[in-house]
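Report on the structure given below.
The values are calculated or read from the model by the stated rules, or taken from the named source; none is laboratory data. Just so it is clear, the structure is predicted and the values come from calculations on it, not from any experiment. Methodologically, a virtual Cβ is constructed for each residue, glycine included, from the backbone with ideal geometry; neighbour enumeration extends over all protein chains shown.
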């Protein structure tokens, strides 16, 4: 088993920057990512030439990473924690253990998906999903596309779809305009973000963002044909081919929870050096608040310097760190979900897509455990990652404890666990 | 398909071979599909307008999250079932079958 001073999980900006800086400071570092190419979601497709967005930032960090002595393991999924200082990885069904003294978690966020009638129809996807597909070879040219949900992500996705030749049939955010205006004061501190927003609005013209509107249902026979959008008073039916809908982002908390890191509401609680409640484990980026690229980079730098035993060098970064943190919280307030979104769910609406469990079968359950036992909700291959964001809101079930394997793994991978504990010495 | 092919060749000529073989052909449910290299299998499934899988009650599904979370993009690739196609690149002569 290979042992490192520092293991970094997650190959997005936060992970790449953490691993690079820590290696430059002299630590033996390994970066692990489950995708085939580094970059995470925001830099997706840059390495394979499929996307040019934020390419300059990616090439700067990818070059610096390549020149550092940090190692990288791509296409590896973390399956389980073998000891407090060993993780079990799996790639193509082959298990591998990796030891570490310190750990930086930079696992990012995923889109919050919410159920509504028709959300399982072919042609309905996440907003971040559409962005990821467009950056990996899918071209929506000529298709009628509706963007809906909530959050700042809707703008760049709509702009990219339009640029690729999609016919934008609507852009809707559930947040009321009053709530979104509260962002303006936070944005005053980040003028580049204001400019970015203005740029997208110009690109999208004549389509404009309609605030206070959300998807009531999607209709179609075997595949999406139309979306019914509402403002709570009037519904309108819009014919379309693709509906990209996502409700902002939620952090990927599986690994922090596996290590019992304490949470602060929906995020991992960290101190000013990005240290979690567990000694030797740092969390950076979306895990500590959904704030995007610059937040991840500044937090990564601080965590890497702290892990290298040079927290004094991070002193100049704390101002930016606080400002980015405040911006992330302002985003959460601006894009706070309205309860009417849940009223769209009917008895027949599927909530758990993996097991096709409907709302009527879940309403009566007291908690996740009883729902699992009676309906298999959350027991399919996604392990509740998709429906979990909805069951929280719909039923108020308390958070369930997390047990390995945290991602589907082969029996051989799991069985190898015993052998590793018995025979592999810690370096 | 043919138009795409011709345009691609023109592009190569203009660039004087700067971009070498940039497309590859795979089959999705038996139908050949030419895609740019770097395309994920999930994107190829969306291009083809076929379901990646059918749910436990038989509903057709297509890829949703694009980042390895939702598992709706699982399909059989070169005989191996339940592959997360959004984290897999298309390869020449790859055989993708919806589940």
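Things to note:
- Evaluation of residue A:72 against (1) over 29 Å from residue B:73 (Cα atoms); (2) not in a loop (DSSP other than H, G, I, E, B) (one fails), failing number: (1)
- Hits in region A:62-78 - residues which are more than 13 Å from chain B (Cβ to nearest Cβ) and surrounded by fewer than 20 Cβ atoms within 10 Å (Cβ to Cβ): A:62, A:63, A:64, A:66, A:67, A:68, A:69, A:71, A:72, A:73
Here's the yes/no breakdown for (1) part of a helix (DSSP H, G or I); (2) crowded, with 20+ Cβ neighbours inside 10 Å; (3) modelled with pLDDT of 95 or more:
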residue	(1), (2), (3)
A:8	no, yes, yes
A:11	no, yes, yes
A:14	yes, yes, yes
A:26	no, no, yes
A:30	no, yes, yes
A:53	no, no, no
A:82	no, yes, no
A:98	no, yes, yes
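- Being in contact with a strand residue (DSSP E or B) (Cβ under 6 Å, 6 or more places away or on another chain) and either part of a helix (DSSP H, G or I) or at negative phi (or both) holds for only one residue in A:155, A:133, A:116, A:138, and it is A:116.
- Residue A:37 being without any contact (Cβ under 8 Å) to a residue 60 or more places away in the chain, within 14 Å of chain B (Cβ to nearest Cβ) and in contact with a helix residue (DSSP H, G or I) (Cβ under 9 Å, 6 or more places away or on another chain): no
- Residues that are more than 11 Å from every other protein chain (Cβ to nearest Cβ) and touching a residue at least 24 places away in the same chain (Cβ under 8 Å) within region B:60-82 comprise B:75, B:77, listed in sequence order.
- Only one of B:57, B:40, B:85 that is surrounded by fewer than 18 Cβ atoms within 10 Å (Cβ to Cβ) and either facing chain A (nearest Cβ under 7 Å) or at pLDDT 95 or above (or both): B:57
- Qualifying residue in region A:231-249 (condition: under 30 Å from residue A:14 (Cα atoms) and surrounded by fewer than 17 Cβ atoms within 10 Å (Cβ to Cβ)): no
- Of the residues examined, residue A:100 is one that is out of contact with any helix residue (DSSP H, G or I) (no Cβ under 7 Å at 6 or more places or on another chain), more than 14 Å from chain B (Cβ to nearest Cβ) and in contact (Cβ under 8 Å) with a residue 12 or more places away in the chain.
- Screening region A:320-377 for residues that are within 14 Å of another protein chain (Cβ to nearest Cβ) and part of a helix (DSSP H, G or I) and picking the one that is farthest from residue A:395 (Cα to Cα) gives A:375.
- For the condition under 30 Å from residue A:362 (Cβ atoms) and over 23 Å from the mean Cα position of the chain (by Cα), residue A:123 does not qualify.
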